[in-house]
1. Can you pull the Rg over Rh of the protein assembly as shown, Cα-only, Kirkwood?
2. Between helix A:58-68 and chain A, what is the angle of the helix's C-alpha long axis to the longest principal axis, kept within 0 to 90° and rounded to the nearest 10?
3. So for the stretch A:159-210, Kirkwood radius off the Cα pairs, Stokes-Einstein at 10 °C and 1.306 mPa s: how many µm² s⁻¹?
4. If I model a spin label as a point 7 Å beyond the Cα along the Cα-Cβ vector, how far apart are those points for A:Asp57 and A:Asp200 in nm?
5. Take each of the peptides B:164-172, A:221-229, average the number of other beta-carbon atoms within 10 Å over its residues, and list them starting from the highest.
6. Along the Cα→Cβ direction, 7 angstrom out, place labels at A:Ile150 and A:Gln41. What is the inter-label distance in nm?
7. 222 nm [θ] for chain B, helices only, -39500 (n - 2.57) per DSSP H run of 4+, per residue, to 500?
8. Please identify the helices of chain B, taking whole runs of DSSP H, that span at least 20 Å along their own axis as judged from the Cα atoms and have a mean Kyte-Doolittle score of 0.0 or higher.
Amino acid sequence: MSNTEIELRLLMEAIYLKYSYDFRNYTVASQKRRVLHALAQLGLPSISALQEKVLRDPALFGRLLQYLTIPVSEMFRDPAYFLALRQHVVPILHTYPSVKVWVAGCSTGEEVFSLAILLREEGLLSRTQIYATDINPASLEKARQGIFPIEAVRGYTANYQRAGGRSSFSDYYTAAYEAARFDPSLCADVIFADHSLATDSVFAETQLVSCRNVLIYFNRELQDRALGLFHESLCHRGFLGLGAKESIDFSSYSQRFDAHSQPERIYRKAT
Amino acid sequence: MKPTAPQPPERRVEAVVLGASAGGIEALFTLLNGLPPSWSLPVVIVLHVPENHESHLPQIFADRLHLPVHEAADKMPLAAGHVYFAPPGYHLSIERDRRFSLSCEPPVHFSRPSIDVLMSSAADAYGPALAGMLLTGANEDGAEGLQRIQQAGGITAVQDPNEAQISIMPQAAIALHSPDHVLPLRELRALLLQLESAHAH
Ligand SMILES: C[S@@+](CC[C@H](N)C(=O)[O-])C[C@H]1O[C@@H](n2cnc3c(N)ncnc32)[C@H](O)[C@@H]1O
């Protein structure tokens, strides 16, 4: 094992012992890149030096967390996914008197607002409870505010249309200066909460779990843990949506979900 | 178990990583077309393609090469003799357990997937048992990754910039370090065959 890898493991162990954030079962390649990037940004000479500082300075850990989690998101990212939800999942959700949706690893909220808009257009939002969870408190705070850069929002309009949007996208936000503030009523029934797929347990029974572009950062052991949580949370025949290039094929849950919309990575809990 | 003494550098290659950008499809055809069906090394390719588009590369190459060709998937194990393309919009890495991992970190050199990302992670995973080749292209992605392969003891080769459709990418690699080989495509292909026969026997 190289020195860098040894230092990396020790850093993750230190973070776990000190702050209870468990990054020990993340894939090494991207974790290493992010830590080396953080070193350069923070002006520190080595991972060991970073470890030393992180242990003594919670504020520095807060900064490092922004590098370790990858707060990259987009509204209606991969429009085909949202179109498939609209066409193939919503009709089944309509058969439930009330619906619970879990957005795991929601980052800064773009995915949550996209789902809320879709559910409102499909007449489901008023009886849906959305749980939006993440481990990054700064991201959760942004998500709660529902304010996104106007530049980005212009780009999301095309995504929204390709996702089968039924309205004019600008109906959902008011633009002010460089920002777009999304209609707060969209998130009236969203609970934003701190929850780690690595250390926490299931908190509700859901009909749909949307966990996109999170599992790729986990090794197979941690992927299995997360998939176990989703399996446990989902009701009989509940739905699981993953990112465009994610699958359950290389996990031990491959037999416990059926493919529902294959190219869009929507699965259904197997009986 | 007691720690063992460091081993002498291993020259037997166990995987090949390739990077290409503008002009890359044709270059890759020339390089890979007609590899024998008995070909036994995994070949992993980052070819810069626009994000947000489904990539047809695996299909196009599957039709032309007589080898199994895939889009690399998260946690998929690398298999002997198979060819893999990075999916558009994601970085592709190889982990120590010789499986792929994907990530959506920001682009590197405006590229996602990035050749640097693939090559650096592959250098960590394979050390000296890796060969990296960088072909035609109009940006500087790959230069650093190829250097990392060399630093880890692997074999590096660059397409002769005089032959490359666009010479910026090979030139950037040559400016950063001294690749083991700077060759036109036909000779890069001969090198590939040679590396493979050393692996197989
Ligand atoms: C690339 S973002 C994905 C955002 C959004 N789901 C999407 O696809 O656009 C990955 C998110 O996963 C979160 N994350 C990382 N580890 C996690 C864990 N153990 N439990 C819950 N969320 C986690 C990060 O904080 C980050 O916000």
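Computed from the coordinates by the stated procedures, all read-outs in this text should not be read as laboratory data. Because the structure is predicted, anything quoted here is derived from the model rather than measured. With ideal geometry, Cβ positions are generated from the backbone for all residues, glycine too; neighbour counts draw on all protein chains shown.
1. Rounded to two decimals, Rg over Rh is 0.99.
2. The angle comes out near 60 degrees.
3. In µm²/s, the coefficient rounds to 109.
4. 2.9
5. B:164-172, A:221-229
6. The modelled label-to-label distance comes out at 2.6 nm.
7. For chain B, the value works out to -9500 deg cm²/dmol.
8. Within chain B the helices that satisfy the rule are B:185-200.
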